[in-house]
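Undergrad: Let me begin by handing over the structure; questions about it come next.
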Amino acid sequence: MLELRQEISNNYLKSFSKSVDPENILISPGAKPILYIAISLLSSGGNEVIISNPSFPIYRSIINYCGSKPVFFDLKEQNNFNFIADDIIEKINDKTKLIILNTPCNPTGSVMMRSEQKKLFNFLKNFKNKIYVLSDEIYSKIIFHSNETSLIEQSGLLDNIIVVNGLSKSHSMTGWRIGWGIFPNELIDDAVKYATNIYSCVNNFTQYAAISALRETDEYVENLKKSFEERTILMVKGINLINGFSCIFPKGSFYCYPNIKKTGLTSKELQHELLEKLGIATIDGNNFGLKNDCFIRISCCTSKNNINKALTILKNHFNK
Ligand SMILES: Cc1ncc(COP(=O)(O)O)c(C=O)c1O
């Protein structure tokens, strides 16, 4: 619906003073189909796609499925899992077709600073080949101590940027299945064709709900962000009191990614023990990338009461 695409465009103008043509916006049932469409449009045998280690697991699966090669740059714990432009630039070569950035990041909650974005984009501007950047901004409204950021702000390179976002996280509308992609001129027609062949369109009542959400919920979104921040602080402070765990405070999202090496268990063993013995669901870090077996991902997307309950169970188990 043009009305929803227009509303999304108005939001980018309001938040970032950037005008986005509604004709460049593709509506989708959640953000995931946009990831699939973007990666598959830019993949072919021999291409390389740069992603962070750790990162949202489906990037790697789609890249492999589409016949490209995932190339990883590390988000290092000693750097607070920050995105460092030089670490990305180091991985670029003649085969690089796409770089995927997800900030705030699932699973680390780290955020790429504007100065690092600028450094990367200056490099890309002068690089001999055209390299696209897919910016997964699904947690962009959940940045603590700062406003939302978007790669849309990096003007001058809009031709190379695909932005993906949606209402699953910012508005807790995961079950509604509503998201969007902003594609450059040279990709939008193929992306729309692809979408039409996969899912036709998103039903119109969901699109109307999205329009209302975008127009009427600034205060709700702000309160939700505060509440995610409070719950995340509660979790991280508590986790840092558990023997064997140490956790960096995330800058955004609603995840934390503690180092669990000193428990003496691998992340796989710990995930199993927490679930089967203690009834606490976490995710083994190896699901997010290579050699992540000293980390587990914890979601703080639950009530403070549940978080306190989980922390008490962990304390009783590990701090004996
Ligand atoms: C980084 C990232 N991108 C995309 C998605 C998918 O969002 P959606 O539910 O809108 O498809 C998720 C969901 O967990 C995510 O963590």
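Undergrad: For the range 58-72 and the range 108-137, write down the distance between their C-alpha centroids in whole Å.
TA: Measuring centre to centre over Cα atoms gives 19 Å.
Undergrad: Would you mind computing, in nm to one decimal, how far apart the modelled labels at residue 95 and residue 122 are, each placed 7 Å from Cα along Cα→Cβ?
TA: In this crude label model, residue 95 to residue 122 measures out at 3.0 nm.
Undergrad: Anyone know which of 231, 297, 114 comes out most mobile in the 10 Å Cα GNM of the chain?
TA: Evaluated over the chain, the most mobile residue of the options is 114.
Undergrad: Please tell me which of these pairs span more than 32 angstrom C-alpha to C-alpha: 91/268; 32/226; 125/226; 125/261?
TA: Among 91/268; 32/226; 125/226; 125/261, the Cα-Cα distance tops 32 Å for 125/226; 125/261.
Undergrad: Take the Cα atoms of the range 7-93, build their convex hull, and give its volume per residue in Å³.
TA: 141
Undergrad: Below 13 angstrom from the Cβ of residue 72, what's the summed charge of the other residues (Lys, Arg +1; Asp, Glu -1)?
TA: +1
Undergrad: Just tell me which aspartates and glutamates come within less than 20 Å, Cα to Cα, of residue 262; anything on the same chain fewer than 8 places away is out.
TA: Output for residue 262: 77, 273, 284, 293.
Undergrad: I would also like to ask the following. Less than 13 Å apart at the alpha-carbon level, and either on another chain or at least 8 residues along: which aspartates and glutamates does that give for residue 18?
TA: Cross-link targets: 153.
Undergrad: Turning to a different aspect of this structure: Using +1 on the beta carbon of Lys and Arg, -1 on that of Asp and Glu, and nothing else charged, what's the dipole of the chain about the Cα centre, debye to 20?
TA: In debye, rounded to 20, the chain gives about 880.
Undergrad: Then there is this: Using Cα centres only, tell me the gap between the range 243-277 and the range 1-26 in whole Å.
TA: With the range 243-277 and the range 1-26 each reduced to a Cα centre, they are spaced 39 Å.
Undergrad: Compute the Cα gyration tensor for the range 2-216, then decide on rounded, prolate or oblate, letting a ≥ b ≥ c be the square roots of its eigenvalues: rounded whenever a/c is under 1.5, prolate when a/b is larger than b/c in the other cases, and oblate in all that remain.
TA: In terms of gyration-tensor shape, prolate.
Undergrad: Further question: In debye to the nearest 20, how big a dipole does the range 219-312 give about its Cα centre with +1 on each Lys and Arg Cβ and -1 on each Asp and Glu Cβ?
TA: That gives the range 219-312 a dipole magnitude of about 180 debye.
Rule-based calculations on the coordinates, nothing more; no lab input. Remember, it's a predicted structure, so these values are computed and weren't measured experimentally. Note: ideal-geometry Cβ built from the backbone for every residue, glycine included; neighbour counts use all protein chains shown.
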